[in-house]
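The values are calculated or read from the model by the stated rules, or taken from the named source; none is laboratory data. Keep in mind that what you see is a predicted model, and the values were worked out from it rather than measured. Here the Cβ is made from the backbone with ideal geometry for all residues, glycine too, and neighbour counts use every protein chain on show. The area values use the complete protein model at the heavy-atom level, side chains included, leaving out ligands, DNA and RNA. Shrake-Rupley method; radii C 1.70, N 1.55, O 1.52, S 1.80 Å.
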Amino acid sequence: MSVCSLDRGAWFPAAFNKMGERPNYGCHVPVAGHALLGVADAGGSIELLRLVGSENAPTLHLSSSCVLEEHCLALSLDWSTGSASRESDQPLKIVSSDSKGQLHLLQVEEAGLQATATWQAHRFEAWVAAFNYWQTEIVYSGGDDGLLKGWDTRTPGTPVFTSERHSMGVCSIQSSPHQEGILATGSYDEHVLLWDIRNMEQPFADMPTQGGVWRLKWHPSQHHVLLAACMHNGFTIFNCRKAVEEKQGACTVSVSHKLPNSLVYGADWSWLTSCRLPQTQPAPPVGSSLPSDPGTQTAEAANNLKVGSQLLGPPSFDLLVGHDGEAYSKPQSGAKGRPCLQPLTEDTILSNSPGTKICDFDLYLETANLDSSLLATCSFYNHALHLWKWDSS
């Protein structure tokens with residue numbers, strides 16, 4: 001085992017790696033009172049960045065780094081903290097994958113990142129590695145060899161299963177944080193598959209996406225909603241309620257949006273939401289401390305982000321954003337009552353209706369607006385980050 005370097009003085013600039021993006025993943029809980037971002041970079045390193053500074057001028061500070069392997073690219077990472085049922089005394093772990101087909105298990109210690117295991121998982125690039133959030137000794141991996149594999153990190157030399165169900169490279173995996181035993185996988189074969197991990201012979205749902213599926217993210221509060229980054233076909237929001245409950249059939253498409261002249265490689269939900277504060281309790285001052293909670297520091301750091309109170313159009317329109325940043329509405333045939341997707345412009349980000357604030361799902365669940373969600377997508381070629389508001393009511 002080796003302990004990787006801890007750096008308390010360096011400032012880390014944002015950058016894209018040679019493959020067009022710098023994969024980064026926020027830890028689901030604060031660490032030592034700070035929101036923590038994990039970065040898998042083109043130099044073959046895992047870096048941990050802390051969110052520090054004032055709320056009006058937050059900065060990412062490099063706190064720890066670990067070189068996985070020389071002459072390779074770090075391609076993915078996942079945190080062991082995805083399930084809300086996770087015991088607080090469990091060790092904080094990271095699993096990562098690299099361009100040599102290897103998986104790396106690391107543990108976050110006070111002294112820095114500690115590498116605890118490395119093993120060969122795939123013949124070619126290991127595009128993705130992910131935890132089973134309900135049993136974090138189990139991890140999954142997907143590679144350019146088209147294989148989906150499961151591993152017990154206590155005996156990592158031999159996979160517990162190998163699936164050839166995807167016909168091309170497997171590049172996205174996420175365990176459901178809400179329901180034990182549910183796994184989503186995506187591939188260059190342009191399909192999202194849902195699995196019951198008790199039966200890895202055959203998925204119970206199969207959804208075509210018309211684009212390679214580079215990222216999959218379950219919604220933080222709407223348990224059956226799944227976001228997919230589909231490369232040249234933009235991004236798609238699936239409603240998987242019926243498929244998950246009945247363990248058969250396919251998910252329905254709530255929103256599908258194609259961005260012109262770009263490949264959507266990254267997509268994620270915000271774990272913060274807008275909520276209406278109780279009338280008898282004034283909003284806490286910006287920067288003030290909230291009750292102790294795993295999401296407290298993240299909520300404080302994002303207090304300066306406000307959600308626009310007005311939709312840019314009726315629910316029967318999908319609202320698009322052009323290269324000039326202007327919003328354009330596109331009528332949908334028979335789309336009355338369909339969910340509305342709204343790009344967040346500077347005006348809508350900086351405006352907010354009276355009596356509302358950005359807050360953590362767990363802290364203000366009873367008053368949270370669960371019909372409204374924030375999500376972000378990032379794209380290749382133009383290196384653009386888009387923020388969106390999705391109204392699912």
Rounded, prolate or oblate (a/c below 1.5 giving rounded, otherwise prolate when a/b exceeds b/c) for the range 37-95 by Cα gyration tensor: oblate
Out of residues 5 or more away from residue 172 or on other chains, whose amide H comes under 5 Å of its own, with H placed 1.01 Å from N in the peptide plane? 186
If you count, for each residue, the other Cβ atoms within 10 Å and average over each peptide, how do 174-186, 106-118 line up from highest to lowest? 174-186, 106-118
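By average Cβ neighbour count within 10 Å, what is the ranking of 136-148, 62-74, 152-164 from highest down?
Descending packing order for the listed peptides: 136-148, 62-74, 152-164.
Report the Rg/Rh value for the range 50-143, based on alpha-carbon coordinates and the Kirkwood definition of Rh.
Using only Cα positions, Rg/Rh for the range 50-143 is 1.02.
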Alpha carbon convex hull of the range 156-223, volume per residue in cubic angstrom: 104 Å³
Spelling out what I want: for every residue of the range 184-193, take phi, set θ = phi - 60°, compute 6.51 cos²θ - 1.76 cosθ + 1.60 (Karplus), and round to whole Hz; glycine and proline get x. 10, 9, x, 8, 5, 6, 6, 9, 9, 10
The range 223-237 - phi-based ³J(HN,Hα) in whole Hz, Karplus 6.51/-1.76/1.60, Gly and Pro as x: 4, 10, 9, 10, 9, 10, 8, 10, 6, 5, 9, x, 9, 9, 10
With a 1.4 Å probe and all protein chains in place, put 242, 100 in order of accessible area, largest first. 242, 100
Return the long-range amide H neighbours of residue 116 (sequence gap of 5 or more, or a different chain), with a cut-off of under 5 Å between placed amide H atoms. 105, 106, 107
A 29 angstrom limit on the alpha carbon distance is what I want to check against. Which of 100/217; 100/247; 93/258; 149/389 exceed it? 100/247; 93/258; 149/389
